[in-house]
Amino acid sequence: MTDTDREEFLLRLHGEYDLTRKDEIATLFESMDGDAPLVIDMTGVTYIDSTILSQLALLRMRHKYRAITLASPSTHVRRVLGIAKFDKIFRITP
């Protein structure tokens, strides 16, 4: 689900993100054009694996200078992001 705002682009993710959703997330992230700050709301994400990590890394490489925030990940998701050192390439908010 996506919402547009005057100052930022908000993308809300829900559910589990693993290999079975690779094409869906790849297509979604490839459609993230523009230079407005991007906020990926992860409140509803219950599980992630290396599939979404690789897609997030590709998103970061495509948008090197764009502000991208991963917002409100669960404890589990935040732990995985931390292990992958994504706190070094994304802003992660509580």
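Could you tell me which numbered condition S50 fails, if it satisfies all but one of (1) within 19 Å of T20 (Cβ to Cβ); (2) in contact with a strand residue (DSSP E or B) (Cβ under 9 Å, 6 or more places away or on another chain)?
Every listed condition holds for S50 apart from (2).
Just to confirm my filter: which helices (runs of 4 or more DSSP H) fall fully inside the chain and include at least 3 residues that are among the β-branched types (V, I, T)?
It comes to 75-83.
Residues in the range 53-62: is at least one hydrophobic (A, V, I, L, M, F, W, C), under 17 Å from T93 (Cα atoms) and surrounded by 18 or more Cβ atoms within 10 Å (Cβ to Cβ)?
Yes: the range 53-62 contains one or more residues that are hydrophobic (A, V, I, L, M, F, W, C), under 17 Å from T93 (Cα atoms) and surrounded by 18 or more Cβ atoms within 10 Å (Cβ to Cβ).
Quick check on the range 1-29: of everything there that is modelled with pLDDT under 95, charged (D, E, K, R) and out of contact with any Phe, Trp or Tyr (no Cβ under 9 Å at 6 or more places or on another chain), which residue is nearest to S74 (Cα to Cα)?
E8
Is it the case, given these coordinates, that A57 is of a type in the set (G, A, S) and touching a strand residue (DSSP E or B) at 6+ places or on another chain (Cβ under 6 Å)?
no
Are there any pairs with C-beta distances below 8 angstrom linking a residue in the range 18-44 that is closer than 14 Å to L58 by Cβ to a residue that is of a type in the set (S, T, Y) and assigned to a strand (DSSP E or B), with the two at least 6 apart or on different chains, and if so which?
I25/Y17; L38/T69; I40/T69
Taking into account only those residues within the range 22-52 that are of a type in the set (V, I, T), surrounded by 14 or more Cβ atoms within 10 Å (Cβ to Cβ) and within 17 Å of V80 (Cα to Cα), which is nearest to the chain's Cα centre (by Cα)?
The selected residue is I40.
The values are calculated or read from the model by the stated rules, or taken from the named source; none is laboratory data. Nothing here was measured: the structure is a model prediction, and the numbers come from that model. Glycine gets a Cβ as well: all are built from the backbone with ideal geometry, and neighbour counts include every protein chain shown.
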